[in-house]
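Student: Structure provided below as structure tokens; questions to follow.
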Amino acid sequence: MEKNSLERRNFLKLSFTAAIGGIAGRLMGNNWNSEATLKDHFIREIGRFPRRKLGYSQREVSIMIGAGDMSTPLVEAGAELGMNYWHKANRWMRGGAPDIIKKNREAHYCQVTVDRVSGDHYTGHFDEQEHYRYVKEAVKRSGLGYFDDMQLHYGYHNAEEVKKERGFIRAFERLKREGLVRHLCLSQHSYRGSSRVENGESDARVLKAVMEDGLYEHAQFMYSYPGDPEMDEFIEMARKKNFGTIAMKTARGIGRMSRDEEFMDKLPDGVSPYHAMARWLTTETLLDAAVIRVRNMEEFTDTYSGAGKKLRDKDWQALRKMTREANRTACRMCGKCQIQCPRQIPISDILRFERYAMDDNDWNKARKLYAGLPTKGNSCIGCESCMQVCPQNMRIPDKIARAHAMLG
Ligand code: SF4
Ligand code: SF4
């Protein structure tokens, strides 16, 4: 065995930077003393990320994309393995972009996400000057020199808004003329049935309108195993029209599954939920790329070693079990239930926040977002109208009550 005496688990917990810097090498003896040997090990264990062409620009983008909220060692590890697209790169406004990106700036695609102003994604509005000012500030403070992609965060409320609200696009055009941005993209949520916006529509409906409008190059949207017929139709159409597609919020229910020993014991040996999902997302769908959140080197290796690799029989077995479990426990946020609710409870928002807590272990974020809701889970009267339309047949009133008890 090449791993010598240090156990794999502990080895993987070491940061890539530390490993490359020689600490792990010293711990593991002569075979590991060179930086090249360690890099080779990671490349063998995980593999370089395959790339696909994204959108009309046909840029080659790694099938697993990274994010500005990853720790610097994980960004470095990702870049070493060919990760070259960075979502939310404006997070690097705080301390500057990692050196590995800045040193080889043209080899990376960095995205700035831009929010509506004077409110959140429900109540805020578009403001050309504010969007323009924010991106200029982000370029300066991140030290990136420019952003490859300017992303409208949370997207449009409905197809009508795509046509009427052009402030974001005008800001993009001004910034593009100044060489500060290159491509336009958006992340789209579903506003179907939302009581907080007028005429909210599904993500698939809005994305089709965006694609027809022709100005945006690609989109990020919520998508996870085992797929979704509405989104699958959109993804197929997008592929034919050279409109790029990137899945986000992909790990539906996996955080809680991974901590559930009883559930994990039922999976075939040698399969983990993140790994099986990474294989599925990158080989069994028509997506161009996907974001899967990883927090440490162990998760990095476990998850990303599945990228671009075909599913084995045991991965399929695991995915079937994961789907049954996720359908019972974790909402896919399609929004179909919301229109049914006589109390106008933002069900999919509540269950999205529950996912932040239960899957990402991000309780502060979940509680803060829950506190900002105008109507909370304790308004539920248990009528069960929502359950009639849920594609997962989820026990929604019970889920909402539990979420309120946890987050309220
Ligand atoms: S059961 Fe509760 S959440 Fe569902 S529709 Fe009725 S009031 Fe709304
Ligand atoms: S509870 Fe069911 S219907 Fe409502 S958003 Fe989630 S998956 Fe869709």
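Student: Here are some conditions: (1) without any contact (Cβ under 8 Å) to a residue 24 or more places away in the chain; (2) under 30 Å from Asp265 (Cβ atoms); (3) away from ligand 1 (no atom under 11 Å from the Cβ). Lys368 meets all but one. Which one does it not meet?
Tutor: For Lys368, the failing item is (2).
Student: Collect the residues in segment 231-259 that are closer than 20 Å to Trp316 by Cβ and not polar (S, T, N, Q), keeping them in residue-number order.
Tutor: Selection gives Asp232, Ala247, Ala251, Arg252, Gly253, Ile254, Met257.
Student: Determine, yes or no, whether Pro268 is farther than 28 Å from His87 by Cα, at pLDDT 95 or above and within 16 Å of ligand 1 (Cβ to nearest atom). Break it down stepwise before answering.
Tutor: Numbers: farther than 28 Å from His87 by Cα: yes; at pLDDT 95 or above: yes; within 16 Å of ligand 1 (Cβ to nearest atom): no.
Here the answer is no, as Pro268 does not meet what is asked.
Student: Go through segment 57-101 and give me each residue that's touching a Ser or Thr at 6+ places or on another chain (Cβ under 6 Å) and hydrophobic (A, V, I, L, M, F, W, C).
Tutor: Of everything in segment 57-101, those that are touching a Ser or Thr at 6+ places or on another chain (Cβ under 6 Å) and hydrophobic (A, V, I, L, M, F, W, C) turn out to be Ile63, Met83, Trp92, Met93, Ala97.
Student: Now for a separate question. Quick one: would you say Gly253 is within 16 Å of ligand 2 (Cβ to nearest atom), on the phi > 0 side of the Ramachandran plot and of a type outside the set (Ser, Thr, Tyr)?
Tutor: Details: within 16 Å of ligand 2 (Cβ to nearest atom): yes; on the phi > 0 side of the Ramachandran plot: yes; of a type outside the set (Ser, Thr, Tyr): yes.
Considered against the rule, which asks whether it is within 16 Å of ligand 2 (Cβ to nearest atom), on the phi > 0 side of the Ramachandran plot and of a type outside the set (Ser, Thr, Tyr), Gly253 comes out as yes.
Student: Take the residues in segment 399-408 that are part of a helix (DSSP H, G or I) and farther than 18 Å from Arg332 by Cβ; name whichever of them is nearest to ligand 1 (Cβ to nearest atom). I'd like the intermediate steps shown before the answer.
Tutor: The initial filter retains those residues of segment 399-408 that are part of a helix (DSSP H, G or I), namely 399-407.
Next, from what is left, pick out any that are farther than 18 Å from Arg332 by Cβ: 401, 404-407.
On the way: Ala401: 9, His404: 11, Ala405: 15, Met406: 16, Leu407: 15 Å.
Among residues in segment 399-408 that are part of a helix (DSSP H, G or I) and farther than 18 Å from Arg332 by Cβ, the one nearest to ligand 1 (Cβ to nearest atom) is Ala401.
Student: In segment 94-110, is there at least one residue being in contact with a Lys or Arg (Cβ under 7 Å, 6 or more places away or on another chain), surrounded by fewer than 21 Cβ atoms within 10 Å (Cβ to Cβ) and at pLDDT 95 or above? Write out each step before concluding.
Tutor: Pass one, segment 94-110, residues in contact with a Lys or Arg (Cβ under 7 Å, 6 or more places away or on another chain): 109.
Still in the running and surrounded by fewer than 21 Cβ atoms within 10 Å (Cβ to Cβ): none.
Scanning segment 94-110 turns up no residue that is in contact with a Lys or Arg (Cβ under 7 Å, 6 or more places away or on another chain), surrounded by fewer than 21 Cβ atoms within 10 Å (Cβ to Cβ) and at pLDDT 95 or above.
Student: Quick check, is Asp120 farther than 20 Å from Met248 by Cα and in contact (Cβ under 8 Å) with a residue 40 or more places away in the chain? It would help to see each step written out before you state the result.
Tutor: Values: farther than 20 Å from Met248 by Cα: no; in contact (Cβ under 8 Å) with a residue 40 or more places away in the chain: yes.
When the stated conditions are applied, Asp120 does not pass them.
Student: Still on this structure, I have one more. May I ask you to say which residue of Arg367, Arg320 is more than 16 Å from ligand 2 (Cβ to nearest atom), in contact with a Leu (Cβ under 7 Å, 6 or more places away or on another chain) and either farther than 18 Å from Tyr223 by Cα or not hydrophobic (A, V, I, L, M, F, W, C) (or both)? Lay out the reasoning, then the answer.
Tutor: On the way: Arg320 fails: in contact with a Leu (Cβ under 7 Å, 6 or more places away or on another chain).
Residue meeting the stated conditions: Arg367.
Student: Something else now. Got a number for residues in segment 69-93 being out of contact with any strand residue (DSSP E or B) (no Cβ under 6 Å at 6 or more places or on another chain) and either without any contact (Cβ under 8 Å) to a residue 12 or more places away in the chain or of a type in the set (Gly, Ala, Ser) (or both)?
Tutor: Selection size over segment 69-93: 3.
Student: May I ask you to list the residues in segment 188-217 that are within 20 Å of the chain's Cα centre (by Cα) and under 28 Å from Gly255 (Cα atoms)?
Tutor: Listed by number, the residues that qualify are Gln188, His189, Ser190, Tyr191, Ser202, Asp203, Ala204.
Student: In segment 331-348, which residue that is crowded, with 22+ Cβ neighbours inside 10 Å and within 17 Å of Tyr154 (Cβ to Cβ) is farthest from ligand 2 (Cβ to nearest atom)? Before you say what the answer is, go through the steps one by one.
Tutor: Residues of segment 331-348 crowded, with 22+ Cβ neighbours inside 10 Å: 331-332, 334-335, 337-338, 345-348.
Filter again for within 17 Å of Tyr154 (Cβ to Cβ), leaving 334-335, 338, 346, 348.
Details: Cys334: 4, Gly335: 5, Gln338: 7, Pro346: 10, Ser348: 4 Å.
Per the criteria, the residue is Pro346.
Student: Sticking with this one: Tell me, which helices (runs of 4 or more DSSP H) wholly within segment 56-168 include 1 or more residues that are within 20 Å of Ile43 (Cβ to Cβ)?
Tutor: On the way: elements: 72-80, 99-102, 128-142, 159-164.
The helices (runs of 4 or more DSSP H) meeting that bar are 72-80, 99-102.
Student: Would you pick out the residues in segment 390-400 that are surrounded by 15 or more Cβ atoms within 10 Å (Cβ to Cβ) and not charged (D, E, K, R)?
Tutor: Across segment 390-400, the qualifying residues are Cys390, Gln392, Met394, Ile396, Pro397, Ile400.
Student: Still on this structure: Among the residues of segment 261-270, is any of a type in the set (Lys, Arg) and assigned to a loop (DSSP other than H, G, I, E, B)? Step through it out loud before you land on a result.
Tutor: Step one: list which residues in segment 261-270 are of a type in the set (Lys, Arg), which gives 266.
Subset that is assigned to a loop (DSSP other than H, G, I, E, B): none.
Checked segment 261-270: no residue is of a type in the set (Lys, Arg) and assigned to a loop (DSSP other than H, G, I, E, B).
Student: I'd like to check something: does segment 283-299 contain any residue that is under 25 Å from Asn364 (Cα atoms), modelled with pLDDT of 95 or more and surrounded by fewer than 22 Cβ atoms within 10 Å (Cβ to Cβ)?
Tutor: So far as segment 283-299 goes, yes, one or more of its residues are under 25 Å from Asn364 (Cα atoms), modelled with pLDDT of 95 or more and surrounded by fewer than 22 Cβ atoms within 10 Å (Cβ to Cβ).
Student: Every residue in segment 352-364 that is within 15 Å of ligand 2 (Cβ to nearest atom) and aliphatic (A, V, I, L, M), please.
Tutor: Within segment 352-364, just Met358 meets the criteria.
Student: Same structure again: Name the residues in segment 38-69 that are within 26 Å of Glu212 (Cβ to Cβ) and among the polar types (S, T, N, Q), would you?
Tutor: Ser57, Gln58 - these are the residues of segment 38-69 that are within 26 Å of Glu212 (Cβ to Cβ) and among the polar types (S, T, N, Q).
Student: In segment 383-398, is there at least one residue being assigned to a helix (DSSP H, G or I), within 16 Å of ligand 2 (Cβ to nearest atom) and among the charged types (D, E, K, R)? Explain how you work it out, then say what you get.
Tutor: Our first condition is that a residue be assigned to a helix (DSSP H, G or I); within segment 383-398, this holds for 386-388, 396-398.
Keeping just the survivors that are within 16 Å of ligand 2 (Cβ to nearest atom) gives 386-388, 396-398.
Filter again for among the charged types (D, E, K, R), leaving 398.
Within segment 383-398 (the criterion being assigned to a helix (DSSP H, G or I), within 16 Å of ligand 2 (Cβ to nearest atom) and among the charged types (D, E, K, R)), the answer is yes, since at least one residue qualifies.
The values are calculated or read from the model by the stated rules, or taken from the named source; none is laboratory data. Treat the numbers as computed from the prediction; the structure is a model and nothing was measured. When we count neighbours, we look across all protein chains shown, and the Cβ atoms used for this are built from the backbone with ideal geometry, even at glycine.
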